[in-house]
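Derivation of every value follows stated rules applied to the coordinates shown; laboratory data play no part. Given the structure is predicted, the values throughout are model-derived calculations rather than measurements. Note that we place each Cβ from the backbone using ideal geometry, even for glycine, and neighbour counts take in every protein chain shown.
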Amino acid sequence: MRVFAVSDLHVDFDENARWLVSLSEQDYQADVLILAGDIAHSITLVEWGVAAAVHRFGTVLYVPGNHELWVGRDRDRAPGETSLERFERVRQLAHGCGAITAPFTQGSLSIVPLFGWYDYSFGEPGPELRRRWIDYRACRWPDGFGVREITAYFLGLNARALATTNERVISFSHFMPRADLLPMIEGRLVLHPVLGTAALDEQIRRLGSELHVYGHSHVNRRQTRDGVTYVNNAYGYPSESRYTSKQLVQVW
């Protein structure tokens, strides 16, 4: 069994959708795919993307990203649907397609999905980011939910998964667990405040994970911090070939 990883497929773009369906329908039937969020913001395309991945891999493990929770930009949203309700709808849809959003164990290896959001533990957003970051307009949260309450809600869903023990543990999330995983890139928005939460890294270390796959940043990197290896393999937008390798990566 091999383990592959990709995130940020954004199959809303035809070029990205064509890449997904170009993957072999035979070569990965004994393998695992970690799908670390941001398939699309249309729930119809999320279902299509998950189903396409499940058709090509023996096992697909998945966590939703922020784009999946954009109810304000999806014509297929349910009336009055909040982003928390959309999250549960996406999880059920993924299960219906045959994907897994819970810990997966085969022999001495366990792979654990971790949900999250961002809580400004990487810094406070400036006026430009608050104006341009689409989550602020496209997500809809229950009354009283700010970013810290949202993050606490999703981190709380990981409680049972954190009890997973095995000889080897791989974890994955859509959101970044450490601010120092992203290099400074000239000309890009200062995105650090909306990239993740340091509380995710605390959960990764409670698990004893040796490898963590994350998405969201669209900057492909593999680096080790304090004994844990962190891997980002975002497919990204068609215009982002400077930062993304646009290929499937085997991580184990």
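Observations
- The range 140-175 residues near the modelled Tyr120 label - backbone nitrogen below 19 Å, point 7 Å along Cα→Cβ: 140-155
- Net length gained if the chain between Arg2 and Ala30 were fully extended (0.36 nm per residue, minus Cα distance): 9.3 nm
- Ranked by how many other Cβ atoms sit within 10 Å of their own Cβ, fewest first, the residues Thr151, Thr101 fall in the order Thr101, Thr151.
- Computed E for Arg168/Arg221 - FRET, C-beta separation, R0 25 angstrom, nearest 0.05: 0.70
- Ascending count of other beta-carbon atoms within 10 Å, so fewest first, for Glu85, Glu167, Glu68: Glu167, Glu85, Glu68
- If both residues of a DSSP beta bridge must be in the range 104-221, then about 25% of such bridges are antiparallel.
- Euclidean distance between Cα centres, the range 61-135 to the range 13-39, Å: 19 Å
- Of the residues Phe13, Phe175, Phe115, the one with the fewest other Cβ atoms within 10 Å heads the list, and the complete ranking is Phe13, Phe115, Phe175.
- Global size of the range 169-252 as Cα Rg and Dmax, reported in angstrom: 12.6, 37
- Within the range 162-251, trypsin sites (Lys or Arg not before Pro) in DSSP loop having at most 10 other beta-carbon neighbours inside 10 Å: Arg242
- Relative intensity of the range 56-132 on a log10 scale, I(q)/I(0) at q = 0.24 Å⁻¹, equals -1.16, per a Debye sum over C-alpha point scatterers of equal strength in the absence of solvent.
- Relative contact order (%) - criterion: Cα under 8 Å, at least six apart; region: the range 3-250: 22 percent
- At an R0 of 22 angstrom, the distance between the Cβ atoms of Thr229 and Ala102 translates into a FRET efficiency of 0.45.
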